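Reviewing the structure listed below.
The values are calculated or read from the model by the stated rules, or taken from the named source; none is laboratory data. The shown structure was predicted, so the numbers you read here are calculated from the model rather than taken from an experiment. Cβ atoms come from the backbone with ideal geometry, glycine included; neighbour counts cover every protein chain shown.
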C-alpha cells in the first residue's frame, strides 16, 4: 500500500491541533507501513504488536511537537524507533528467550500474493525465510538503516534524519546489512541475477 504523503501530512497537522476525529483516517493511512517497520525491528510478531501500540501512544502524546511541513511518516518512524530502543534496553536488563524470527516469516507468508504460481510461492517462502532469519541476526542500527533505505524507500538524507545520524553513517550501516544479507543468501544458493534462483525472480521484497 502506497502512502499519500500530502494527505497524511494534512491529517497530522489537524491532529496536532487537537482534531481527534481525524485519527481514524490518519491511522488507516499510516498504520500499515508503521507496523511493517515495527515488525522489521522487533522481528517477532508478539513484540512487534506491543511495540506498535506503544509507538501509537507516543505519537499521540507527542502530537503537539509535530512541526508543520515535516514528513509525518518519517516523524513517526523516529518516534517508533525510540520506543523500540527503550524496549531493547529493557530486554537487555531482563534477558529472556525471545524465540526465533519464524513468526515474522509466517506473517509474511500469510500476506503473500496468491496471483503467483505454486512454484513461485515456494521459492518466495524460501527466500523470505532466509531473509527474515538473517535480518534478525543483523545489529539493530544496521537493520534499521537497511529497512529505511531498501524497504521503505527513504533517501539517505531522510533515513539519517530518522536515525539521528549522518548520511555517511547511514550508507555505511546499510551497506554492512546488505553485505551480510547477500552473503547469507549466497550461502543458501540465491544469487542477485541468476534465473529462478535470483533475488528478483520471486515475488518478495528484498
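Which residue, of 165, 183, is at pLDDT 90 or above and surrounded by fewer than 20 Cβ atoms within 10 Å (Cβ to Cβ)? Talk me through it step by step, then tell me what you get.
Numbers: 183 fails: at pLDDT 90 or above.
Matching residue, one of 165, 183: 165.
Under 8 Å between Cβ atoms, at least 6 apart or on separate chains: pull out the pairs that start in region 44-57 with a residue that is farther than 15 Å from residue 85 by Cβ and assigned by TED's automatic domain parsing to the domain that holds residue 24 and end on any residue that is at pLDDT below 95 and outside any helix (DSSP H, G or I).
Filtered contacts from region 44-57: 44/98; 44/99; 44/100; 44/101.
Quick check on region 135-151. Is at least one of its residues modelled with pLDDT under 95 and at positive phi?
Looking for residues that are modelled with pLDDT under 95 and at positive phi, one finds none in region 135-151, hence no.
If I go through region 1-26 residue by residue, how many of them are under 20 Å from residue 153 (Cα atoms) and either in a helix (DSSP H, G or I) or out of contact with any helix residue (DSSP H, G or I) (no Cβ under 7 Å at 6 or more places or on another chain) (or both)?
Within region 1-26, the first condition is being under 20 Å from residue 153 (Cα atoms), and the residues that meet it are 1-9.
Subsequent filtering for residues that are either in a helix (DSSP H, G or I) or out of contact with any helix residue (DSSP H, G or I) (no Cβ under 7 Å at 6 or more places or on another chain) (or both) retains 2, 5-9.
Qualifying residue count, region 1-26: 6.
Do we have any residue at all in region 34-55 that's surrounded by fewer than 17 Cβ atoms within 10 Å (Cβ to Cβ), in contact with a helix residue (DSSP H, G or I) (Cβ under 6 Å, 6 or more places away or on another chain) and closer than 22 Å to residue 158 by Cβ?
No, every residue in region 34-55 fails to be surrounded by fewer than 17 Cβ atoms within 10 Å (Cβ to Cβ), in contact with a helix residue (DSSP H, G or I) (Cβ under 6 Å, 6 or more places away or on another chain) and closer than 22 Å to residue 158 by Cβ.
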